[in-house]
Amino acid sequence: MTDEFSLEESAGTRSAFNRVVLDFANGFLESLEDQKAYSNRKSSLAEADDWLGIDDSPTSLEQILDDFREHVVDRGLNPASGGHMGYIPGGGIYSAALGDYLAAVTNRYAGVFYASPGAVAMEEALIRWAGNLVGYDGGFGGNLTSGGSMANLIALATARTQKGIHAGNVRQSVIYCTPQTHHSIHKAIAFLGLQECLLREIGVDEKFRLSVPALRARMAGDVQKGLSPFMVVANAGSTDTGAIDPLHQIHELCEAYSAWFHIDAAYGGFFMLTKLGKDRLSGLGYADSVILDPHKGLFLPYGSGIVLVKKLKHLLDANRYNANYMQDALNADRHSPADLSPELSKHFRGMRMWLPLKLYGVGVFSEYLNEKLQLARYLYGQLQKLGFNVLCEPELSVVVFRYEVGPGGHDTLNKAILEALLKDGRVFISSTILQGRYTLRAAILSFRTHKKEVDVLLELLQQITSELTGDGHR
Ligand SMILES: *Cc1c(COP(=O)(O)O)cnc(C)c1O
């Protein structure tokens, strides 16, 4: 077998490969300024399918990367672009990629303490840091997940175990949420067999925050009917609008009714690193469980979520199992990540988060997050000057707005605005439905989004609205 086709490359081949990959990565990063945030280029999908197919024959790394660029990188959404302001962006910092590289090269087994005490200790250090950040002070547990959806699933499974929900009482158990609740919560409810719980969607105020009087009345009414409040799911930065529910008051109600208090802080949580965020998110630490997404607020590449549970024991009760072939891994005083999540083998995902935090320190993340908060305020003001109806002052860094100039319903008009934006492609934003109407939303959270990118969005919006409405606003 020649070296070229061997799975154990020589040092020479490795450095040749490294050069090719690094050239590609550098080329990609250095041309980001000129890349679109969104490309709806209609190249032949059949061609891509053909290229993606696996067969017996080897291909050169150069050819592979050429095709990768053509069929993968240059199509669709570009989450690495600072122009990405759709959904919830993050960007993907380079140092996290280096962490991933080292995690994969060393291939440490981060599932059980016995296999890699160091990798598990690293994960624990990150959980400790994140727990302290949300305001927990000891006795808590957590797990690094693939993202917010898995984190919500683990949190809700823990709530189910802890509150003893089973076939006999599921129909009397009530879950409270709002129309702003992320759909991954509803997926988790379905996965966990909790659809038979009563699900109460509590109304929201003008800033899309849970109405406490409505929740209070509903919980009292339910108890009167002989039902049992099981869990309240609150948002600490909803995906749609960035709404932060009144965490203190919800906590009091959860205490009064012995309900599990879950907070979804996937988007908002890391704003705890800022002064404004700390003020607005105070109360996160009341949660029985809370989730965060480092691939949003810490700008990591996709594939990083965190679930935190106030009492480690609750997380263990819901996740720990034993098997004969695992007996060597049993450890009396150290828990393994595999005891705290459905996953056994998993990517050593601590490294991609730990390396950047260690390399740069936490302060620089705070600075970037502060900049995003300021940019959102800037966008809020400028959009109003352009004649947009901005639905509410941004709580964090999501701005929701509609163009309502001219007669009739404005759904078609706003859809046309989004279409024109995507056609240009320099900036990507997305849409939602609020108050029953089509609404545009810009989420500023990529570490690469600065004033320049926001100004491109504003210029485009001004241009597009004046083209669509004749002379536009001015
Ligand atoms: C993004 C998000 C989720 C889902 O997280 P994924 O990482 O995409 O699985 C859940 N809740 C909120 C509020 C989010 O913003």
Which residues does the label zone of Leu359 cover in the stretch 99-124, counting backbone N under 11 Å from a point 7 Å along Cα→Cβ? 99-102
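Return the FRET efficiency for the residue pair Arg437, Asp50: r is the Cβ-Cβ distance, R0 is 56 Å, and the value is rounded to the nearest 0.05. Don't skip to the answer; put the middle values down first.
On the way: r = 43 Å, r/R0 = 0.77.
The pair Arg437/Asp50 has a calculated efficiency of 0.85.
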How far apart, in nanometres, would the label points at Glu367 and Leu7 be if each is projected 7 angstrom from Cα along the Cα-to-Cβ direction? 4.5
Scan around Glu404 for amide H atoms under 5 Å from its own, H built in the peptide plane at 1.01 Å from N, and keep only partners 5 or more places away or cross-chain. Asn389
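What FRET efficiency comes out for the pair Arg334/Phe68, r = Cβ-Cβ distance, R0 = 51 Å, nearest 0.05? Write down the numbers at each step before the final one.
On the way: r = 41 Å, r/R0 = 0.80.
Given R0 = 51 Å and the Cβ-Cβ separation, E is 0.80.
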I want the local charge near Ala266. Using Cβ-Cβ distances under 13 Å, sum +1 for each Lys or Arg and -1 for each Asp or Glu among the other residues. -2
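Within the set Lys372/Lys452; Lys310/Lys358; Lys163/Lys296, which residue pairs have Cα atoms separated by over 20 Å? Before the final figure, lay out each step's value.
Numbers: Lys372/Lys452 12 Å; Lys310/Lys358 25 Å; Lys163/Lys296 30 Å.
Pairs exceeding 20 Å: Lys310/Lys358; Lys163/Lys296.
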Lys415 versus Asn322: modelled label distance in nm, points set 7 Å from Cα along the beta carbon direction: 6.0
Using alpha-carbon positions, what is the distance between the centroids of the stretch 157-175 and the stretch 303-334, in Å? 21
Nitroxide proxy distance, nm - points 7 Å out along Cα→Cβ at Val223 and Glu33: 6.2
Please give the Cα centre distance for the stretch 340-398 versus the stretch 400-414, rounded to the nearest Å. 29
Can you give the extra length, in nm with one decimal, that the chain gains between Asn169 and Ser282 once fully stretched, where that is 0.36 nm per residue apart less the Cα-Cα distance? 37.3 nm
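Return the loop-located trypsin sites (Lys or Arg not before Pro) in the stretch 178-230 (DSSP other than H, G, I, E, B) with at most 12 other Cβ atoms within 10 Å of their own Cβ; answer none if there are none.
Working: sites: Lys187, Arg200, Lys207, Arg209, Arg216, Arg218, Lys225; in loops: Lys207, Arg209, Lys225.
Sites meeting the loop and neighbour criteria: Lys225.
Using DSSP to call loops (not H, G, I, E or B), can you name the trypsin sites (Lys or Arg not before Pro) in the stretch 341-406 whose Cβ has at most 13 other Cβ atoms within 10 angstrom? It would help to have the intermediate numbers written out before the result.
Values: sites: Lys346, Arg349, Arg352, Lys358, Lys372, Arg377, Lys385, Arg402; in loops: Lys346, Arg349.
Hits after loop and neighbour filter: nothing returned.
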Where does the longest stretch of the chain lie that holds no GluC sites (Glu not before Pro) found in a DSSP loop with 12 or fewer other Cβ atoms within 10 Å? 207-474
Furthest towards positive pole of dipole, Asn40, Pro79, Leu194, structure part the chain, Cβ charges: Leu194
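In whole percent, what relative contact order does the chain give with Cα contacts below 8 Å and a gap of six or more residues? It would help to have the intermediate numbers written out before the result.
Numbers: 846 pairs, mean separation 104.9, N = 474.
The value is 22 percent.
Read the figures in this text as sums done on the coordinates, not as results from a lab. A quick note: this is a predicted structure, and the numbers were derived from the prediction, not measured. Don't worry about glycine lacking a Cβ; one is built from the backbone with ideal geometry, like all the others, and counts go over all protein chains shown.
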